[in-house]
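Enquirer: First, the structure itself, so that you have it in front of you.
Values in this text are rule-based calculations from the coordinates and carry no lab data. Remember, predicted model here, so these are calculated numbers, not experimental data. Virtual Cβ from ideal backbone geometry, glycine too; neighbours counted across all protein chains shown.
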Amino acid sequence: MATDDPQVVLIQLGIMLRRLREATGLPASAAAAHLGCSPAKISKMENGKQRIQPDEVSSLLELYGADDSATAEALRLAAVPKPRRRGTYRDSVPDWFRRFLVLESEATELLIYEYEVVTGLLQTKNYARTLLEAGSPLASHRELDQQVEMRMNRTSILTKEGALVSVVLHEAALHRVIGGNDVMREQLDHLQKLTELPNLQLHVLPFRPAATPNKDEAFIAKAAFVLLKLESTGAVVYVEDVAAANYPEDANVIQAYATAFQRLRTASLPVDESAKLIGRVAKQYSER
C-alpha cells in the first residue's frame, strides 16, 4: 500500500521492525535493552502505536543485521513527517481501520466470512456508496467519494500475484436490498463476474445447506470476520463491530476462527453452484 499517511506509515514500519527482529530470533527484551528502553515501548513501536525516531530505527536495524534494501525502506518510512493538518486519506479512514488496511495489503491469503452484506472487497461503487452513506449520514460528497475510492482501490488484492482470497458469503446478503433493485442487480452481476478470477474462491452459504458428517450445516458464527495470513507474522484475525475493531492475538482464539471458517465453507455451496445461485437471485431483481 503506497501512502504517505503518517499513521499508516507508522504501522508499516512497526510491522517491518517486528519481522526483522523475529527473523533474528531476538526477544523484544533484547531490543529494549539495546535501545535502553522498556519492552512495552518496543511493543508499542511494533504495533504502530508510538512514533519511532530515525536514530532508534537505525540502531535497531544494526542490531537486526538488516540488508541494504530493508534498511533503505525502514529509514524512508521513519523519515515521513508528522502531519500539520489532516489529509484526505486520514479524513476517509477511521483510526482503527488503518491497521487492517496495512495487513490486508500485505496478506498472502484472506479468509472472509460475511453474513449480512456483500463484503467490501467484492462491492460495486454504487453498493459501497449506499452503505458508506448510511454509516456516515453527515459526511460530505467529497468525503464519500474518498471513502468509495479507497474501497475500490483495495480490490487490487483480488488480482495480486501470490495472493488468495476465499470468501464465504451468507445467502442473506444476496437478498437484503441495499440501494434498490438496480443497485442489487449490478452488485450480483459483479459477483458473478468475480467468480471467474483465479485468485478468488467465492462460496455462498445457502439458507438450506446440505447435511454434513460433522453437522457443519448447523454451525453458527455470530459475527463477520477476516482471517489474514502473512508470510512472516503468521495469521491475524480481524473482527469489526459498530464502533471499532478487535485483533485477537491468542493463538487458540485465532485457531478457533480458522476452524469456524473451515466449517462454514464446508457447509457452503461449491464455487460453480454459488455462481448459479447468485445468478438466479440477480434475475429476481430484474423481475421486480
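Enquirer: How far is helix 141-154 tilted off the main Cα axis of the chain, in degrees rounded to 10, range 0 to 90?
Expert: Value to nearest ten degrees: 90.
Enquirer: Can I ask one more? So who's got an amide H within less than 5 Å of the one on Val204, skipping anything under 5 residues away but keeping other chains? H placed 1.01 Å off N, in plane.
Expert: Amide H neighbours of Val204: Leu169, Leu269, Ser274.
Enquirer: Can you compute the equivalent ellipsoid semi-axes for region 220-262, i.e. the square root of 5 times each eigenvalue of the Cα gyration tensor, sorted largest first and rounded to whole Å?
Expert: 17, 13, 9
Enquirer: Let me ask something else about it. Could you work out [θ]222 nm for the chain from helices alone, using -39500 (n - 2.57) per DSSP H run of at least four and dividing by all its residues? Round to the nearest 500 deg cm²/dmol.
Expert: Using -39500 (n - 2.57) per qualifying helix, the result is -16000 deg cm²/dmol.
Enquirer: In addition: In the neighborhood of Ala107, defined by Cβ-to-Cβ distances under 10 Å, what is the net charge if each Lys or Arg adds +1 and each Asp or Glu adds -1?
Expert: -2
Enquirer: Okay, next question. Quick one: compute the contact order of region 6-78, relative version, from alpha carbon pairs under 8 angstrom and 6+ residues apart, as a percent.
Expert: 41
Enquirer: Check Asn199: other-chain or 5+ apart residues with amide H under 5 Å from its amide H, H built from backbone geometry?
Expert: So Asn199 has HN proximity to no qualifying residue.
Enquirer: List the equivalent ellipsoid semi-axes of region 6-78 in whole Å, largest first, each obtained as the square root of 5λ for an eigenvalue λ of the Cα gyration tensor.
Expert: That gives 16, 15, 10 Å for the three semi-axes.
Enquirer: Placing +1 on the Cβ of each Lys and Arg and -1 on the Cβ of each Asp and Glu in region 158-234, which of Leu191, Ala172, Gly162 has its Cα farthest towards the positive end of the resulting dipole?
Expert: Ranked along the dipole, the leading option is Ala172.
Enquirer: Enumerate the amide H contacts of Phe225 below 5 Å, restricted to partners 5 or more residues apart or on another chain; note that Pro and chain-start residues carry no placed amide H.
Expert: Result for Phe225 returns Tyr113.
Enquirer: Note the angle between two axes, namely the Cα long axis of helix 125-135 and the longest principal axis of the Cα atoms of the chain, as a number of degrees from 0 to 90, rounded to the nearest 10.
Expert: Taking the Cα atoms of the chain, the angle to 125-135 is about 70 degrees.
Enquirer: To continue, here is another question. Computed on alpha carbon atoms, what radius of gyration and Dmax characterise region 130-288, expressed in Å?
Expert: That works out to 17.1, 51 Å for Rg and Dmax.
Enquirer: Let me ask something else. Using only Cα atoms, tell me the angle between helix 251-267 and the longest principal axis of the chain; keep it within 0 to 90° and round to the nearest 10.
Expert: Approximately 20 degrees, to the nearest 10.
Enquirer: Now for a different question. Evaluate 2.2 N^0.38 Å with N set to the residue count of the chain, then give the Cα radius of gyration divided by it.
Expert: Compared with the compact-globule rule of thumb, the chain sits at 1.11.
Enquirer: What does the net charge come to around Arg129 if you take all other residues with beta carbon closer than 14 Å to its beta carbon, with K and R at +1 and D and E at -1?
Expert: Once positives and negatives cancel, what remains is -3.
Enquirer: Local charge sum around Ala31 (other residues, Cβ-Cβ under 15 Å, Lys/Arg +1, Asp/Glu -1)?
Expert: The answer is 0.
Enquirer: Moving to a separate point now. Residue by residue through region 215-222, which ³J(HN,Hα) values in whole Hz follow from phi under the Karplus form 6.51 cos²θ - 1.76 cosθ + 1.60 (θ = phi - 60°), with glycine and proline marked x?
Expert: Those phi angles translate into 6, 5, 5, 9, 6, 10, 9, 7 Hz.
Enquirer: Going by a ≥ b ≥ c, the root eigenvalues of the Cα gyration tensor, does region 138-190 fall in the rounded group (a/c under 1.5), the prolate group (a/b larger than b/c) or the oblate group?
Expert: Judged from the Cα gyration tensor, region 138-190 comes out oblate (a/c at least 1.5, b/c at or above a/b).
Enquirer: Any aspartates and glutamates with Cα under 16 Å of the Lys125 Cα? List them, leaving off those in the same chain fewer than 8 positions away.
Expert: By straight Cα distance, Lys125 reaches Glu133, Glu143, Asp145, Glu149, Asp182, Glu186, Asp189.
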